[in-house]
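The block underneath contains the structure these notes are about, expressed in structure tokens.
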Amino acid sequence: MKYVDEFRAPELISKAGEEIRRLADPKHHYRIMEVCGGHTHAIYRFGLKDLLPENVELIHGPGCPVCVLPMGRIDDGLSLTANPEFIFAAFGDMMRVPGTHGSPLEYKARGMDVRIVYSPADALKLARLNPQKHVVFFAIGFETTAPSTALTIIRARAEGLPNFSVFCNHVTIIPAIRAILDSPDMRLDGFVGPGHVSTVIGCRPYEWIAKDQGKPVVVSGFEPLDILQSIVMLLRQLRGGQAIVENQYKRVVPWEGNPAALRAMAEVFELRPYFEWRGLGFISQSALKIRSAYGEWDSEQRFTVPGVRVTDPKAAQCGEVLKGVLKPSQCKLFGRECTPEQPVGALMVSSEGSCAAHYNYSQHRPITIDAAASL
Amino acid sequence: MCLAIPGKIIEIDAHNAQQAMVDVVGVRRKVDLGLLAEESIRPGDWVLIHVGFAMSKISEAEAADQMRTLMILGESAAALEEVEGYGLENEYPPSEYPASKSRGLVS
Ligand code: SF4
């Protein structure tokens, strides 16, 4: 717990809080979106909302990969488990995400061969270790994980490994931001830009948000002070009538991103004409598909998947929450039918989902007090 | 999955320069260096790891920073679980590997 205390650097935190109060025009209600689910998690965990003045509101964005995946894709991927020759491999985060007929974990309980892997490279390894089976890797994530999937597919082809394929659900963050900005019921003043996605794509891809839409973007780290500093930087820009992209997370994010990772992605993936996002609907050119040169390692090109489209359970308001139109607690199922133990929607599963974050932290005291009490 | 885990490069695989043994607070696993082709990575360097792939080279101070971030976010246990899971060593103990696979950097 020493880390919590050290980190909290109370003087710096309260200084940043004061600066925010000083910069925020009391006549304006600021709506700032944090795009990344990791930031959402941190904001709840540290109770940052309580440090902000009433008129500076944080809106949770779409940057939680399991949350934005529509249920139909989970059903499609799981449909492949009907073949006893198949192994379905996915990250642990996916395992409890409900599909129409259950989550991957429930499929496993019913005897399907479902495995947790922590790296796409290990799904490939599973294929090497089980030559008599076919391994389907259910790939999800933004640009943080897409390059690793790409390189794994490049390796599979180099090895000529026949019993491995990827069911690709990788999505890209920029079109989602565009869709949010285009949506008529959404007014935003600026963005706290994602940290780890930006280590791959760099800061340049956000420039249109500043230039064309006149909204400032600050790429941010994940500690409370990082996030508060980013809000200070945003408010400074807004106050000065400026809109540029700034990098608060310079210690990790290079302005140009990671060229080798971008190359691997460009080699293996192309943009899908459109892809369905939970809550945001179909967004054009927002997801990655595997190029036909690598078609042999693409589950969708190799096998028939049903192409299921299902709507979320009626009372579930995951879409509105994802768009930032509703707060998690405004969903009728929140904390009743839908809890982290019995999730109805994916936002309640992942620690980066705003419903889970809200459920886990909001009824607790601020984390500093918890830490001090447990010393 | 979205965790960036700091690790120290212990050894580059003699047979495959794109594989390296890293140490994450005492847990040693192999990670892939293929996405850091632009950088020259040497033992003693620190990297940020995502899903088994080193994604950026960082300084030792930044690595300590990131570890602290994971701790205060309550994610350090999940990060270690992820690292321990790399290489399927929990699912397939090394003794069950086909002979050619069991001899990596560990031996
Ligand atoms: S509480 Fe459950 S059903 Fe409602 S929006 Fe959140 S995840 Fe979806």
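The values are calculated or read from the model by the stated rules, or taken from the named source; none is laboratory data. Since the model is a prediction, treat every value here as computed from it, not as a measurement. So basically every Cβ, Gly included, is an ideal-geometry build from the backbone, and we count neighbours across all protein chains shown. Each accessible area value is taken on the protein alone, full model and side chains, heavy atoms only, with ligands, DNA and RNA left out. Shrake-Rupley method; radii C 1.70, N 1.55, O 1.52, S 1.80 Å.
Hey, can you tell me all the residues within the stretch A:71-90 that are open to solvent by less than 10 Å² (accessible area, probe 1.4 Å) and either touching a Ser or Thr at 6+ places or on another chain (Cβ under 8 Å) or under 12 Å from residue A:308 (Cβ atoms) (or both)?
Scanning the stretch A:71-90 gives A:72, A:74, A:76, A:77, A:78, A:88.
Between a first residue in the stretch A:313-338 that is under 21 Å from residue A:36 (Cα atoms) and a second residue that is polar (S, T, N, Q) and more than 7 Å from the ligand (Cβ to nearest atom), which pairs have beta carbons less than 6 Å apart while being 6 or more apart in sequence or on different chains?
Taking only residues 6 or more apart or on different chains, the pairs are A:328/A:354.
Does at least one position in the stretch A:278-298 carry a residue that is at pLDDT below 95, open to solvent by less than 40 Å² (accessible area, probe 1.4 Å) and near the ligand (Cβ under 10 Å from one of its atoms)?
Yes, the conditions are met somewhere in the stretch A:278-298.
Taking the stated definitions as given, is residue A:254 of a type outside the set (D, E, K, R), in contact (Cβ under 8 Å) with a residue 40 or more places away in the chain and surrounded by fewer than 24 Cβ atoms within 10 Å (Cβ to Cβ)?
On the way: of a type outside the set (D, E, K, R): yes; in contact (Cβ under 8 Å) with a residue 40 or more places away in the chain: yes; surrounded by fewer than 24 Cβ atoms within 10 Å (Cβ to Cβ): yes.
Spelling it out, residue A:254 is indeed of a type outside the set (D, E, K, R), in contact (Cβ under 8 Å) with a residue 40 or more places away in the chain and surrounded by fewer than 24 Cβ atoms within 10 Å (Cβ to Cβ).
Could you tell me whether the stretch A:158-177 includes any residue that is outside any helix (DSSP H, G or I), within 14 Å of chain B (Cβ to nearest Cβ), open to solvent by less than 10 Å² (accessible area, probe 1.4 Å) and not hydrophobic (A, V, I, L, M, F, W, C)?
For the stretch A:158-177, residues outside any helix (DSSP H, G or I), within 14 Å of chain B (Cβ to nearest Cβ), open to solvent by less than 10 Å² (accessible area, probe 1.4 Å) and not hydrophobic (A, V, I, L, M, F, W, C): present.
If you take the residues of the stretch B:85-107 that are within 8 Å of another protein chain (Cβ to nearest Cβ) and at pLDDT 55 or above, which of them is farthest from residue B:50 (Cα to Cα)?
Initially, the stretch B:85-107 is screened for residues within 8 Å of another protein chain (Cβ to nearest Cβ), giving B:85-88, B:91-92, B:97-98, B:101.
Subsequent filtering for residues that are at pLDDT 55 or above retains B:85-88, B:91-92.
On the way: B:85: 13, B:86: 11, B:87: 14, B:88: 16, B:91: 20, B:92: 22 Å.
Going through the qualifying residues, I end up with B:92.
Which ones in the stretch B:69-83 are at the interface with chain A (Cβ under 7 Å from one of its Cβ atoms) and either in contact with a Leu (Cβ under 7 Å, 6 or more places away or on another chain) or assigned to a strand (DSSP E or B) (or both)?
So the first thing to find is which residues in the stretch B:69-83 are at the interface with chain A (Cβ under 7 Å from one of its Cβ atoms), and the list is B:69, B:71-74, B:82.
The one that is at the interface with chain A (Cβ under 7 Å from one of its Cβ atoms) and either in contact with a Leu (Cβ under 7 Å, 6 or more places away or on another chain) or assigned to a strand (DSSP E or B) (or both): B:82.
Quick grid of which residues meet (1) without any contact (Cβ under 8 Å) to a residue 40 or more places away in the chain; (2) touching a Lys or Arg at 6+ places or on another chain (Cβ under 9 Å); (3) in the same structural domain as residue A:356 (by TED's automatic domain parsing):
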{"site": "A:42", "(1), (2), (3)": "no, no, no"}
{"site": "A:52", "(1), (2), (3)": "no, yes, no"}
{"site": "A:57", "(1), (2), (3)": "yes, yes, no"}
{"site": "A:94", "(1), (2), (3)": "no, no, no"}
{"site": "A:107", "(1), (2), (3)": "yes, no, no"}
{"site": "A:120", "(1), (2), (3)": "no, no, no"}
{"site": "A:126", "(1), (2), (3)": "yes, yes, no"}
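So in the stretch B:34-68, with the set limited to residues that are within 10 Å of chain A (Cβ to nearest Cβ) and of a type in the set (Ser, Thr, Tyr), which one is farthest from residue A:267 (Cα to Cα)?
B:59
Does residue A:225 meet the test of being within 14 Å of chain B (Cβ to nearest Cβ) and open to solvent by 20 Å² or more (accessible area, probe 1.4 Å)?
Working: within 14 Å of chain B (Cβ to nearest Cβ): yes; open to solvent by 20 Å² or more (accessible area, probe 1.4 Å): yes.
So residue A:225 fits the description; yes.
Within the stretch A:313-338, take every residue that is open to solvent by 20 Å² or more (accessible area, probe 1.4 Å) and more than 8 Å from the ligand (Cβ to nearest atom) and give me the one that is farthest from residue A:279 (Cα to Cα).
The residue in question is A:336.
Return the residue satisfying two criteria in turn: it lies in the stretch A:339-355 and is under 23 Å from residue A:46 (Cα atoms) and in contact (Cβ under 8 Å) with a residue 60 or more places away in the chain, and of such residues it is nearest to the ligand (Cβ to nearest atom).
Of all residues in the stretch A:339-355, those under 23 Å from residue A:46 (Cα atoms) come to A:339-341, A:346-355.
Keeping just the survivors that are in contact (Cβ under 8 Å) with a residue 60 or more places away in the chain gives A:346-347, A:349-354.
Numbers: A:346: 7, A:347: 4, A:349: 8, A:350: 10, A:351: 13, A:352: 12, A:353: 7, A:354: 8 Å.
Filtering the stretch A:339-355 for residues that are under 23 Å from residue A:46 (Cα atoms) and in contact (Cβ under 8 Å) with a residue 60 or more places away in the chain, the one nearest to the ligand (Cβ to nearest atom) comes out as A:347.
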